[in-house]
Amino acid sequence: MSVLPARTGRTGRTGPAGRTRRTGRVVGAVAAALMVLPLAACAAGGSDAASGTSDEDRFGSPDNPITLTMWSWGGGDTAATEKAYEKLHPDVDVQITQFGGSGDVYTKLGVVLKAGDGAPDITAVELMNMPSFAAQGYLVDLADYGASADSYNPSAAAAASFDGSLYAIPTDTGPLVMYYNQALFDQLGIAAPTTWDEYRQAAETLKASGHFIADIDPGDASLSLGLLQQAGATPFSLEGDDAVTIDFTGKEASAVQDYWSSMITDGLIDTEPAWSQEWFNHFADGTYATWLTGAWGGSVLSGSIPQANGQWRVAPLPNWSADSVSDGVWGGSGSAVTTQSKHPAAAAAFAEWFSRDQYLDQLDNAANMPFPANQEVLDDPRYVDASSEFLGGQKPGQLYIDAAATVNTDFQFLPFQLYANSVFKDTVGQAIVGDGDLSAGFQDWQKKIAAYGTDQGFTVTSK
């Protein structure tokens, strides 16, 4: 793993509304192999935004056509997306480049942002990793181009914001829910647990019959962070321009660590790496009875284990007490406009369309799509009325909306979250697959990311 150069100090760039944009942070970009690449020590170039934008700025004209480039990952019919937007706005040429995964995008972004040239107008970004780029001044404040957080689910808008500004148009998000094998639960006389105490009781019943209630991937920080968020923990706090506090020792964080440590040491959950087809097959054959994941998980399960069609259901994430309902998030992505864009107003307009229209077009199959962030989509009756064949005819839309409404939006991510996530497997992950002492694992993680933040010029308080 490469070591990033020390931060060289701040420079300022004044935005269209007279705000000073902080730049100068050096953070890591994580490649597919979780290697950290150096980013620039100051913001890359790009045009300053105008305080007001015209239709020509947003959609071009015959005399001034616009070409927009976007980097993304995963599947999807990019040609259809390009054609749909170009039909609406014939003076805009959209060119979407697909990468194999988010790490591939971040790796190349790290190179071109450091070089100061070659970045796309728009990049897809995971919302938890957005601050790693916004903190350096690499992303445009989208409010300068008319974007409003009010257009999006509040939990998604909060995750897409950094230091009070909206730096990504959220496309989807992932309030945590519990997918569970209803057929197996019925066979063993288990009711869907509503509290973590009930979840453990169900796990003990399942273990006695040769099943795990769940699996925790030792290489992915997402679920652990979401569970901490649900519990009200604040492991990361940001204050001002440079101050970062990291604390995994608080009451709420300790409760989460103790609970899951006991689940590991008592053999109630498995600790295998996720995402292989063999891993998915464990959900189909009853090895794993639940999946604690984001509200996008139903579409993933239905496509990965069609042989279990109709056997699964979804319920709210268990809570710490029956009268205290809260939630965390796993996942969520958005579209960010880079400061290298020569057409930031047009890029912002496309990002807003992309967040809304692609989901409106899928609402006839709403139960099998990721949880959308756009409020107009969520308010459409077709969303809550859609039933899922995989979930036995259940209509999950309202459950997802209700879960999102209880997300702890005070939770913050680090301005070097990319690096923090890359070393999770070497710290907490080792405790998960080892002796199960998550308290020690989180302390190791805290020491490593605190040292990194200090090396990058942040004032880090580690408790």
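Each reported figure results from applying straightforward, stated rules to the coordinates on display, with no laboratory input. Keep in mind that what you see is a predicted model, and the values were worked out from it rather than measured. With ideal geometry, Cβ positions are generated from the backbone for all residues, glycine too; neighbour counts draw on all protein chains shown.
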Search the structure for amide H atoms under 5 Å from the amide H of Ile216, placed 1.01 Å from N in the peptide plane, and list their residues when 5 or more places away or on another chain.
Asp270, Thr271, Glu272
In Å, descending, principal axis extents of the Cα set of the stretch 337-463
48, 47, 23
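Could you please rank Leu292, Leu88, Leu360, placing first whichever residue has the fewest other Cβ atoms within 10 Å of its Cβ? Walk me through the numbers before you get to the answer.
Values: Leu292 23, Leu88 11, Leu360 15.
Ranking Leu292, Leu88, Leu360 by Cβ neighbours within 10 Å, fewest first, gives Leu88, Leu360, Leu292.
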Taking θ = phi - 60°, what integer Hz values does the Karplus form 6.51 cos²θ - 1.76 cosθ + 1.60 yield along the stretch 313-324, in sequence order, with x for Gly and Pro?
9, 10, 9, x, 4, x, 10, 6, 8, 5, 9, 10
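Indicate the gyration tensor shape class of the stretch 371-412 (rounded, prolate or oblate), computed on the Cα atoms with a ≥ b ≥ c the square roots of the eigenvalues: a/c under 1.5 is rounded; otherwise a/b larger than b/c is prolate and the rest oblate. Intermediate values should be presented prior to the final figure.
Values: a/c = 3.05, a/b = 1.67, b/c = 1.82.
Here the stretch 371-412 falls in the oblate category.
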Glu86-Thr249 FRET efficiency (beta carbon distance; Förster radius 45 Å; 0.05 resolution):
0.25
Tell me, what ³J(HN,Hα) does each residue in the stretch 345-362 have, in order and in whole Hz, if you take phi through Karplus 6.51 cos²θ - 1.76 cosθ + 1.60 with θ = phi - 60° and put x for Gly and Pro?
5, 5, 5, 5, 5, 5, 4, 5, 4, 4, 5, 9, 6, 5, 7, 4, 6, 9
Residue pairs, from the table Lys108/Lys448; Lys83/Lys108; Lys395/Lys425; Lys207/Lys425; Lys342/Lys448; Lys108/Lys342, whose Cα atoms sit over 28 Å apart:
Lys395/Lys425; Lys342/Lys448
What nm distance separates the two modelled labels at Leu188 and Asn309, each placed 7 Å from Cα along Cα→Cβ?
2.7
How long is the gain from Gln375 to Gln98 if the chain were fully straight, where each residue apart is worth 0.36 nm and the alpha carbon distance is subtracted?
97.1 nm
Could you calculate the contour length gain from Thr459 to Glu278, that is, 0.36 nm times the residue separation minus the distance between their Cα atoms, to one decimal place in nm?
60.8 nm
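Find how much the distance from Thr287 to Ala115 grows on full extension, using 0.36 nm per residue of separation minus their present alpha carbon separation; answer in nm with one decimal. List each step's numbers first, then the result.
Details: separation 172, 0.36 × 172 = 61.92 nm, distance 4.85 nm.
Answer, rounded to one decimal: 57.1 nm.
Please give the FRET efficiency for Val325 paired with Lys395, using the beta carbon to beta carbon distance and R0 = 25 Å, rounded to the nearest 0.05. It would help to have the intermediate numbers written out before the result.
Values: r = 20 Å, r/R0 = 0.81.
After rounding to 0.05, the efficiency reads 0.80.
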Need one number: % antiparallel among DSSP beta bridges in the chain, to the nearest 5.
65
Taking the Cα of Lys447, stepping 7 Å toward and past its beta carbon, and measuring to each backbone N in the stretch 396-421: which are under 20 Å?
419-421
For the residues Trp279, Trp296, Trp445, what sequence is obtained by ranking on other C-beta atoms within 10 Å, fewest first?
Trp279, Trp296, Trp445
